[in-house]
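Data block below; observations after.
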Amino acid sequence: MTRVLIVDDQPAFRRQLRALLDRAGLEVIGEADDIAAAEALAQSLQPDLAIVDVLLPGVNGIEGTPRLKWLAPNMRVFLVSAYHECLLLASAQEAGAEAFIPKDELDLSVALSWNENKEKRNET
Amino acid sequence: MKPDMKSEMDRRERLWRGLLILLAMALPALAGYVVYEQMRAPLPSLLNALFVALTFWGVGVFVLWRRFPQDAARLFFLLTQCIGIGLLFFLAYPQKSNRPDWMTVLVSVGFHLSASLLFHYHLTFPVRLGSSRQRRWTLVLVYGLMLAVLAYRLSGTNAGLRVSFLYNTLEIFAAVGILVYAYRVYATPDDRRRLRLIVLGSLAAALPSFVLYLLPTIMGWPYRMTDWMVGPFIVIAPLSYFVAIARHNLFGIDRFLNRALVYAALWLGILLLYLGPFLLLIRFAPGDWLAQMMAAAGLTLAVGLAFERTKNALQRLTDRLFYGGWYDYPAVIEKTTRTLAGCVEREQLLQALTRQVPLLMQLRDSTLSFDDDSAALAPLSGAQLTLVFQGAPRALWNVGPHRDGDELSETDRRILDTLAHQAEIALGNVLLIETLHAQLEEIRASREALSQAQRRLLRSREDERACLARDLHDGPLQTLIGLNMQLGMLTSQSGGASAMDEMRAEIRGLLTDLRGVCVELRPPMLDTLGLAAAIRSLAKEWSAQNRVTVALDLPENSALQSLPGDVAVNLYRVAQESLSNVARHAHAGQVTIRLVREGNGLRMDIEDDGRGFAMPDNLDALAAQGHFGLVGLRERVNLIGGSLNLQSVPGQGTRIRVEWRPL
């Protein structure tokens, strides 16, 4: 089962995302509302996947991505944002994130694909 | 005046001039002759004669030179030349037996003429006494008697000599008497000052000569001082004239005489200093060259060391002698007026009235108090003048008496009144300038306050927009996203109900609109990715909307990391506003946005190749034409402490350059 860390400063979004991920069969093992908290969790829990919001207070998600990756090298990072922005996509890739997903595109099929991705990767 | 009369006057004038110049050359020529003749005569009498005669000559010539047209000056010149010639021979040849006859005649003529001229002179100067008819008859009598007495004298008898001395003495006493009379009768402070020295000098010169020389000669007494000793006493008279003339600036030669006197005295001092020791050396050690050279070197050293100090001391002494109690009226007015005209500060006015004026007018002291000074100054014994500005007394000028203790004369008061009037104007200037300064300061302060308020307003507006954007982002946007996500779960489960898909599309449309509002309020890029990314995003969107290519030349994000938040926001807004201006007016094919780091600062250029416009002289004219956008840009840039430069040529596009530098 894919173990997921959610990093977002919006409790409502975390709750909804957790529900979506549960439904898709992913296990949410931690939630953080900023990069500093996420760093501690990433180091101790070593999740498989981190869903990180771009617009975070303090260190933003794009800056935070390499820091989290450094602490948990096997963890994939998916950046999410309320804003569609190809610039963000480029920056996310530059920062080392595996994907950039606008928040309004999140639905069960996307979440399932993450799980499948994981399984596919495990299989290979 | 008829032309022929005028030419007649000219001829007379030329004749006078020629005669006077000839006469002025006579005395030096005669002196030269005497020096040539008297090489082996006793030195004291020769030097004495030359000194006395040339003093008279010099005074006369200079007075004539400076004030040629004045009758008094010509008379004075004639007087001095006659005395000079008489004294030259008289003193250079103490023994009458050594003297050629023609010289004796010249001496007699000189003395008689000069006594009569002295009388004539004082009859008309400094005060004209009597009517012109009375004066004419008196002069005819005096000169006529003089001729008679001269003739008797030249007959060579002892009685002739006595009578001539008697007549001369009488004339001199009459002249001195006239002077004393004029002094006593016309005794305004100015005249007193003018006459005091002449009277004193004349008395000092006449009394010893009379008691020790003239009286014994007339009475035939045996105790009579030697002829050459008369010289020093007689010299007192012309010197007192010098000083009196100079003090009153009668002939405008005070400065010249002043310096001449100082240097003559110095020269004489140096001469004596050298001469004395050398005479001793030559007498006691005639062949000792070494001693002579050492003495010369020592003396030169002494002179060199003492020269400056001695000169200054002499100058002070001469100044006191010349200017004690007297001053140069036109110069006072001229200099003070000039200084007052340049006054723009109180301190300058204070300096002019309390330093310059007392110095120029030889006043003991002077104070100036402004109406807002708390400490009122005690009035001085001289004069008190009130300086009025706009109908209200604004300053009080106290003036003390003269340095020599004399009360202020009528002339002094008139001059002080004139100066006070000038000072009032200057005070007016000073006060107006002070008011202007104060107002300028107020304007500057209120402008500063206004600009701070604008800055606060702008910042608070940006803050509010950011806050609003955050609220929208955290509230409705999140809610919609959540809703969308939940619908997403449902659709997957229910296997693609079309109503659900429609709802989702609806929500997505709403999200897009809301996001647009948020971006407009506060571009999220600016806070996450920085200015360069925000501009890049802005340019991309704008380019897509307007179908105009935007070329970007932006630095790395990290290069702009240290940029203060409000600077980044305002530069972003400038870019945003400029782009929207280009879209509205320029009809451009391409826009270039360039951000260049310059030291600690930053330069942003936004250029388009559109149609441009004719640049007005300043941006305010643009506002008048309705282009408020550019004016608003400038205000924004001013508020972050930057500068905005706009260049445009019709047909050749527009360039906006913003330069910002941290304080």
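The values are calculated or read from the model by the stated rules, or taken from the named source; none is laboratory data. Fair warning: this is a prediction, and the values are worked out from it, not measured in the lab. We place every Cβ from the backbone using ideal geometry, glycine too, and count neighbours over all the protein chains shown.
For B:Leu538, the criteria (1) surrounded by fewer than 19 Cβ atoms within 10 Å (Cβ to Cβ); (2) in the same structural domain as B:Asp608 (by TED's automatic domain parsing); (3) among the hydrophobic types (A, V, I, L, M, F, W, C) hold in every case but one, which is (1). Filtering the range B:635-658 to residues that are in a strand (DSSP E or B) and of a type in the set (A, V, I, L, M) leaves B:Leu644, B:Leu646, B:Ile656, B:Val658.
Hey, does the range B:492-502 have a residue that's out of contact with any Asp or Glu (no Cβ under 8 Å at 6 or more places or on another chain), part of a helix (DSSP H, G or I), facing another protein chain (nearest Cβ under 9 Å) and more than 20 Å from B:Ser578 (Cα to Cα)? Before you say what the answer is, go through the steps one by one.
Here is the first cut: in the range B:492-502, the ones out of contact with any Asp or Glu (no Cβ under 8 Å at 6 or more places or on another chain) are B:493-502.
Now narrow it down to the ones that are part of a helix (DSSP H, G or I): B:493-494, B:498-502.
Filter once more, so that each one left must be facing another protein chain (nearest Cβ under 9 Å): B:493.
With the extra rule that they be more than 20 Å from B:Ser578 (Cα to Cα), the set shrinks to B:493.
There is at least one residue in the range B:492-502 that is out of contact with any Asp or Glu (no Cβ under 8 Å at 6 or more places or on another chain), part of a helix (DSSP H, G or I), facing another protein chain (nearest Cβ under 9 Å) and more than 20 Å from B:Ser578 (Cα to Cα).
Where strands (runs of 3 or more DSSP E) fall wholly inside the range A:1-113, the ranges with 1 or more residues that are crowded, with 22+ Cβ neighbours inside 10 Å and more than 14 Å from chain B (Cβ to nearest Cβ) are A:3-7, A:27-32, A:49-53, A:76-81. Among the residues of the range B:76-96, those that are surrounded by 21 or more Cβ atoms within 10 Å (Cβ to Cβ) and of a type in the set (A, V, I, L, M) comprise B:Leu79, B:Ile83, B:Ile85, B:Leu87, B:Leu88, B:Leu91, B:Ala92. Entry remark, the range B:198-237: residues being at pLDDT 70 or above and among the aromatic types (Phe, Trp, Tyr) number 3 in total. Apart from one condition, B:Leu510 fits all of (1) among the aliphatic types (A, V, I, L, M); (2) more than 28 Å from A:Ser109 (Cα to Cα); (3) within 11 Å of another protein chain (Cβ to nearest Cβ); the exception is (2).
In the range B:97-148, which residue that is out of contact with any Gly (no Cβ under 7 Å at 6 or more places or on another chain), of a type in the set (Gly, Ala, Ser) and part of a helix (DSSP H, G or I) is surrounded by the fewest Cβ atoms within 10 Å (Cβ to Cβ)? Per the stated criteria, the residue is B:Ser97. Put simply, of B:Asp474, B:Asp463 the only residue that is over 56 Å from the mean Cα position of the chain (by Cα) and within 14 Å of chain A (Cβ to nearest Cβ) is B:Asp474.
Restricting the range B:410-435 to residues that are farther than 23 Å from B:Gly342 by Cβ and surrounded by fewer than 17 Cβ atoms within 10 Å (Cβ to Cβ), which is farthest from the chain's Cα centre (by Cα)?
Within the range B:410-435, the first condition is being farther than 23 Å from B:Gly342 by Cβ, and the residues that meet it are B:410-414.
Checking the rest, the ones that are also surrounded by fewer than 17 Cβ atoms within 10 Å (Cβ to Cβ) come to B:410-411, B:413-414.
On the way: B:Glu410: 28, B:Thr411: 25, B:Arg413: 24, B:Arg414: 24 Å.
Of everything passing the filter in the range B:410-435, B:Glu410 is farthest from the chain's Cα centre (by Cα).
Every listed requirement among (1) at pLDDT below 85; (2) crowded, with 19+ Cβ neighbours inside 10 Å; (3) facing chain A (nearest Cβ under 10 Å) is met by B:Leu526 save one, (3). Which one is farthest from B:Arg584 (Cα to Cα) among residues in the range B:533-571 that are under 60 Å from the mean Cα position of the chain (by Cα) and within 13 Å of chain A (Cβ to nearest Cβ)? If we take residues in the range B:533-571 being under 60 Å from the mean Cα position of the chain (by Cα) and within 13 Å of chain A (Cβ to nearest Cβ), then B:Gln561 is farthest from B:Arg584 (Cα to Cα).
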